[in-house]
1. Run the reach check for B:K136 against aspartates and glutamates, Cα to Cα strictly under 16 Å, same-chain hits fewer than 8 apart removed. What comes back?
2. Return an integer: the convex hull volume of the alpha-carbon atoms of chain A, in Å³ per residue.
3. Between A:R155 and B:H4, what is the FRET efficiency for a Förster distance of 41 Å, r being their Cβ-Cβ separation, to the nearest 0.05?
4. Per residue of B:159-166, count partner chain C-beta atoms within 10 Å of its C-beta, then hand back the mean as an integer.
5. Assuming a strict under-25 Å limit between Cα atoms, what lysine pair count do you get for chain A once near-sequence pairs (fewer than 8 apart, same chain) are dropped?
6. What are the membrane-span-like helices in chain A by this rule: whole DSSP H runs, Cα extent along the axis at least 15 Å, mean Kyte-Doolittle hydropathy at least 1.6?
Amino acid sequence: MGAPTQAIRDLSGILPILVLWGVALVILLGAPLLRRGPGSRLAAPLGGAGALGALLVLLRGSSDGFGDTLFAGAALTDTLYSSGAFVLLLGGFLSVLVAQTYLRSRDLEKPEYYAIMLLSLSGALLMMQANDLIVLFLGLELMSFGLYVLAGFARTDAKSDEAALKYFLLGALASALMLYGIMLTYGVAASTELSNVQSAVARGALKEPMGIAAALLLVIGLCFKIAAVPFHQWSPDVYEGAPTSATAFLATTAKIGAIVAFLRVCDTIAGGYHTWLPAIRAIAILSMIVGNLIAIAQTNVKRMLAYSGVAHAGYLLVAVACMGFRLMGTKGTQASILAMTGAVFYLLAYALALIGAFGVLAYLSSRDKDAQTLNDLRGLASSQPAVGYAMVLFMLSLAGIPATAGFIGKWQVFYAVLTGGDVALAVTMALTSAMGVYYYLRVVWYIVFEESAAPKPSPTGHGVEARPRAMTGVGAAITICCIATIGLGILPAAISSFLTVVR
Amino acid sequence: MTAHLGTIAFVSLTALTILPAIMVVSTRNLVHAGFWMLPCLIGVAGFYALLEAHFFVVVQILIYIGAILVLIMFALMLTRDVMDPKERQTNAMGVWAGVICGLGLLASAHMLFRHPWVGVTSHPGDAHAQTVALGKALVTRYALPFEAASVLLLAALIAAIVIAKSMRPPAASVGCDGEVSGG
């Protein structure tokens, strides 16, 4: 009698994933009807419904059953998963809104885009829910496959093709390294289940050369996905080449999925921190410095946001580094829990600001013009004040200016690392954040103080087209991102019931 | 004596796997590369046999050689002209990449040899018992990864179609015009 109940518990634990798979299949099966004619208006709403449905299912399920393992230990549900999944699915929903308008205006819309998005989201969810390195790897691959294709979705654009190929080849390399790490982990722990890995680490597995190699390969594989220095080379080209809506999606999804998985893996191997903590600290410091330095030189906003993404990967790695303090006394344990909550909040703030910023670029793009550079934003505050000031807000949030969500996220991670007593990381984080303010404010300068470059709006220019577009998906996405960025900046506690990670 | 035979089998299987694998990546004719995969995959099947994983021997031969390799050959014959046999296969960084990979290989070989392996703790059982255990695992502990792998393949399939499907820009624009005039 116990077996059916267990099966139902297992399935309800992965219900958000099942919803995503189901809706993706509906879109794929209905693709012939959704491709052209009146049905083509339904593809984006279906994609949005998939992400939103999974989010609602997640919120309904999150009141009971925490810390359960599912499928005899293959997966689990806990607060780290549920809060990460909340951020991920919200980001996915907003990305659908951006894609709806952008793909339509660039004449790229196909129903498969949304199906692939949902499959990619399910992969990221699986990654966060994984209690076994094999499941983690499958989730990572499922997520990445979708992202490779979305990057190359504009097939007539050589840059988009280049982006997809580059992302695919380097992603495949990262996956291979990670798989090798998983194999070596099996070699030292005789299991890939995280609890067994944890006990193997407690027995001193990370003091053996093979354990060290395993941990480092896992770290490298995940660092590729979040584009941390020195594994970031793919990111500027991919961010620039991918269609803007795909850039918004892949930048947030990959980061959320990989960082939550990273937190879980490093939490598991916290016992062997002396092996991996120096590596993570070095990568974090390098990412913060290099990302912020190179971002200053960029005039293409998509590339600038790619390098800023490298810097943000560094800040998030500071939170990951805090996992290593877990076994260093009560302060350390406290720091690791604070860092988990902080990282998830940071991811939420980052996703809101980034999707908002790419949303503004998508908003300004039309069939024959893809807004990408600082010049495209020139004088936006006077020509289209609402969009212009929204972009200003997103830049301030990314820079971490107080009263925006970005500040709260950064503060939480900063506070966690200070609690853990790692002054070097905290100081680097503060200094490089100050450095970052320069290039975010330069965007603000272009928007607010520069004169509009366009002599007069042509009949197809934004002046005419922009009005009706405010009513479309991207307008809604920008509005939601704005409200949430300010709201969370002033009242971060409003969302803490969803986002607090309990250990 | 048996250990000795095992070593001989291992070394010859290794040669059977690695030498053709080198040919696969170095030969300039894609169809030849496809055929070189055959001994390579048979060698892998031989490793499974050596490990007494009977089910995997069958699967390896049926799926990899019987289905995937044949499929690859079909794909190569349909797209024979995609690669110029005279094209250079290395670039300026080739030597350094080789050096780095060689060092990595030596390091991992050193590490694997020095590792205190526990060895086999229990006999895998006969072919029937193994297959039963595998089947049970696939519907219990490994049900989720198994399904995720299927979805992964579906995603890859869709992805491949989206990337590779022929584009019809003129037809698409005609369709748009038709809609406009119809409306």
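1. Candidates past the 8-residue exclusion: B:D126, B:E147.
2. 133
3. So, using R0 = 41 Å, E works out to roughly 0.10.
4. Partner-chain Cβ atoms within 10 Å, mean over residues of B:159-166: 5.
5. Final tally of qualifying lysine pairs is 22.
6. Passing helices, by number: A:15-29, A:133-151, A:209-226, A:385-399, A:473-490.
We did not get these values from a lab; they are worked out from the coordinates using the rules stated. Remember, it's a predicted structure, so these values are computed and weren't measured experimentally. Every residue, glycine among them, receives a Cβ derived from its backbone with ideal geometry; neighbour counts consider all protein chains shown.
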